[in-house]
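> One structure, pasted below without further comment.
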Amino acid sequence: EMDTVVGCEGSKKVFLTLYLRSCKCLLIFLLPDKSAASVKAVFDRLEKKLGTFIFCSIFQVILTDRGTEFSNPDALETGIDNVIRTSIYYCDPMCAWQKPGVEKSHEYIRYVLPKGSSFDALTQWDANKLMNHINSYPRKKWNGRAPIDIFLEIYGQETAELLGLERIPPVEVKLTPKLLR
């Protein structure tokens, strides 16, 4: 599932979020703006970093909304060597409930960056820190396991490192505005 999270009005930077249903893990990428070109740049960087095979295995199908930043599906689906790397599907209009995982994950982002927060002073390092704390937060419904634990079982440590994923010990997880201060 894919979406964006915007900061306060007038803030240029936005988060691109990719929610991996297989492990309930959230990937967060800071974009300089909410444009189709910025989203494509993230996809291209991910494919180069992971390799086409791993990219295709992680992101086989992506469900998103009809935001203008996702308005060029051919550019997102076609990889750096003109290989089809993913398939993009769109939710029905006004049906955010069709991508519940990414929408629920945005609640964790808002614990740290409440609505009205500006993202303009943030860096990708901040986005990674936020992502790692969210993914290391133990979930009761999974008997205290965290999404990062499931990710590591499925995709391994090397892939986690390529995506900037690190496990934070549960006692150190912070999901408050103090995390990025």
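> State log₁₀ I(q)/I(0) for the range 130-179 at q = 0.23 Å⁻¹ as given by the Debye formula over alpha-carbon point scatterers of equal weight, solvent excluded.
Results for the range 130-179 at q = 0.23 Å⁻¹ read -0.82.
> Rounded to whole Å and sorted largest first, what semi-axes of the equivalent ellipsoid does the C-alpha gyration tensor of the range 108-152 yield via the square root of 5 times each eigenvalue?
Values: eigenvalues 119, 33, 5 Å².
The equivalent ellipsoid of the range 108-152 has semi-axes of 24, 13, 5 Å.
> Mean residue ellipticity at 222 nm from the helices of the chain, using -39,500 (n - 2.57) per DSSP H segment of n ≥ 4 over the full residue count, to the nearest 500 deg cm²/dmol? Write down the numbers at each step before the final one.
Values: 7 runs with 68 residues, N = 181.
Roughly -11000 deg cm²/dmol at 222 nm, from the helical runs in the chain.
> If you take every DSSP beta bridge fully contained in the range 1-156, what fraction is antiparallel? Give it as a percent rounded to 5. Let's see the in-between values first.
On the way: 14 of 18 bridges.
In the range 1-156, approximately 80 percent of DSSP beta bridges are antiparallel ones.
> With contacts defined as alpha carbon pairs under 8 Å and 6 or more residues apart, what's the relative contact order of the chain in percent?
Working: 283 pairs, mean separation 44.0, N = 181.
Answer for the chain is 24 percent.
> Pairs to check: Lys40/Lys115; Lys34/Lys141; Lys115/Lys140. Give those whose C-alpha atoms are more than 32 Å from each other in this structure.
Working: Lys40/Lys115 26 Å; Lys34/Lys141 34 Å; Lys115/Lys140 26 Å.
Correct reply: Lys34/Lys141.
> For Cα pairs less than 8 Å apart in space and 6+ apart in sequence, what is the mean separation divided by the residue count of the range 4-93, i.e. the relative contact order in percent? Intermediate values should be presented prior to the final figure.
Working: 124 pairs, mean separation 20.1, N = 90.
Normalised by residue count, the contact order of the range 4-93 is 22 percent.
> So, with a 1.4 angstrom probe, what is the percent of accessible area on the range 68-161 that is carbon and sulfur? Provide the component values of the computation, followed by the final result.
Numbers: 2740 of 5100 Å².
Carbon with sulfur: 54 percent of the solvent-accessible area.
> Any aspartates and glutamates with Cα under 19 Å of the Lys174 Cα? List them, leaving off those in the same chain fewer than 8 positions away.
Partners within reach: Glu107, Asp126, Asp149, Glu166.
> May I ask you to give the solvent-accessible area per residue for the chain, in square angstrom, as obtained with a 1.4 angstrom probe?
Values: 9330 Å² over 181 residues.
Averaged over the residues of the chain, the accessible area is 52 Å².
> From zero outward in steps of 5 Å, how is the percent of C-alpha pairs of the range 1-109 spread across the bins?
2, 12, 23, 26, 22, 10, 3, 1
The values are calculated or read from the model by the stated rules, or taken from the named source; none is laboratory data. Nothing here was measured: the structure is a model prediction, and the numbers come from that model. What goes into the accessible areas is simple: the full protein's heavy atoms, side chains included, and nothing from ligands, DNA or RNA. Shrake-Rupley method; radii C 1.70, N 1.55, O 1.52, S 1.80 Å.
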